[in-house]
Amino acid sequence: MPAGQATDHSPSTMDSALWIRRYHPSPDSRVRLVCFPHAGGSASFYFPVSAALTPGVEVHAVQYPGRQDRRAEQPVESISALADAVTEVVRPLTDRPLAFFGHSLGAILGYEVALRLEAAGAPPLVRFFASGRRAPSRYRPETVSDRDDQAILAELRLLSGTNGDVLGDPELVQMILPAVRSDFLAIERYRHTSGQRLSCPVVSLIGDVDPRVDEDEARAWAAHTTGGYRLRIFPGGHFYLVDQAASVIQEVSTELSAALKSS
């Protein structure tokens, strides 16, 4: 698709199968977990999470336009527009207890989708996991999207969220850069609406040496919900959840079990 060509991402023109990957269908699961990838990320990032949590938890991973099997589509450069589209495809999942897990950009997108679902009358999430991201009301001056390709690649290396083999392959780099740049632009432009709060419990998860979020910025999530708040700090940087996968998955599993017992 030529750069700049508009794409209609509305639910009327997009099959939900394009947006959601369900790697391990678990029709008898007691709870669903919708996972939102980071900037430049894709649904497959959560394949190991799906494998680990099935069959008790059915994982639904969101696939954004502009990557993997959707790479021919124009990436979305607005968190609001992306949240509107994702809300429509997630809405049918609310007939069962539902939780969200979002990492980095995915945490903000998940938050906006959760707000929209509550506003539409859907039951509150049983848990919202905000990983590797400061609260929606906390901003830093960031201009990654304005940098040249090499500077964006340097940012990816700093955060260590992209496989080194990919960053060393010029052809693969050219495939992923448009989506990465668009995602950075979307999150840099994002501003939350003051006064809006979730009613579900929020759990923040961060790495102790993450250059993009500190403990104070993570704790600020408490002001964005009336449902209670917890913070878990793991060893590691922005992608702490890769090296700490087993511990993070155990944390998610424990929280969801507690949520179901109390419901």
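General remarks:
- Options 57, 34: the member that is among the β-branched types (Val, Ile, Thr) and within 15 Å of the chain's Cα centre (by Cα): 34
- Selection status of residue 113, buried (at least 17 other Cβ atoms within 10 Å of the Cβ) and more than 18 Å from residue 190 (Cβ to Cβ): no
- Exactly one residue among 94, 87 is in contact (Cβ under 8 Å) with a residue 12 or more places away in the chain, under 19 Å from the mean Cα position of the chain (by Cα) and within 18 Å of residue 197 (Cβ to Cβ), and that residue is 87.
- Only one of the numbered conditions (1) under 18 Å from residue 106 (Cα atoms); (2) open to solvent by 20 Å² or more (accessible area, probe 1.4 Å); (3) hydrophobic (A, V, I, L, M, F, W, C); (4) not in a helix (DSSP H, G or I) is violated by residue 242, and that is (4).
Here's the yes/no breakdown for (1) surrounded by fewer than 13 Cβ atoms within 10 Å (Cβ to Cβ); (2) modelled with pLDDT of 75 or more; (3) in contact with a helix residue (DSSP H, G or I) (Cβ under 8 Å, 6 or more places away or on another chain):
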{"site": "125", "(1), (2), (3)": "no, yes, yes"}
{"site": "129", "(1), (2), (3)": "no, yes, yes"}
{"site": "134", "(1), (2), (3)": "no, yes, yes"}
{"site": "151", "(1), (2), (3)": "yes, yes, yes"}
{"site": "167", "(1), (2), (3)": "no, no, yes"}
{"site": "175", "(1), (2), (3)": "no, no, no"}
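- Filter result (surrounded by fewer than 23 Cβ atoms within 10 Å (Cβ to Cβ) and part of a helix (DSSP H, G or I)) within segment 185-204: 185, 187, 188, 189
The values are calculated or read from the model by the stated rules, or taken from the named source; none is laboratory data. Since the structure is predicted, the reported quantities are computational estimates derived from the model, not experimental observations. Neighbour counts run over all protein chains shown; Cβ positions are idealised from the backbone, glycine included. For the accessible areas, the whole protein counts, side chains as well, though only heavy atoms, and no ligand, DNA or RNA atoms are used. Shrake-Rupley method; radii C 1.70, N 1.55, O 1.52, S 1.80 Å.
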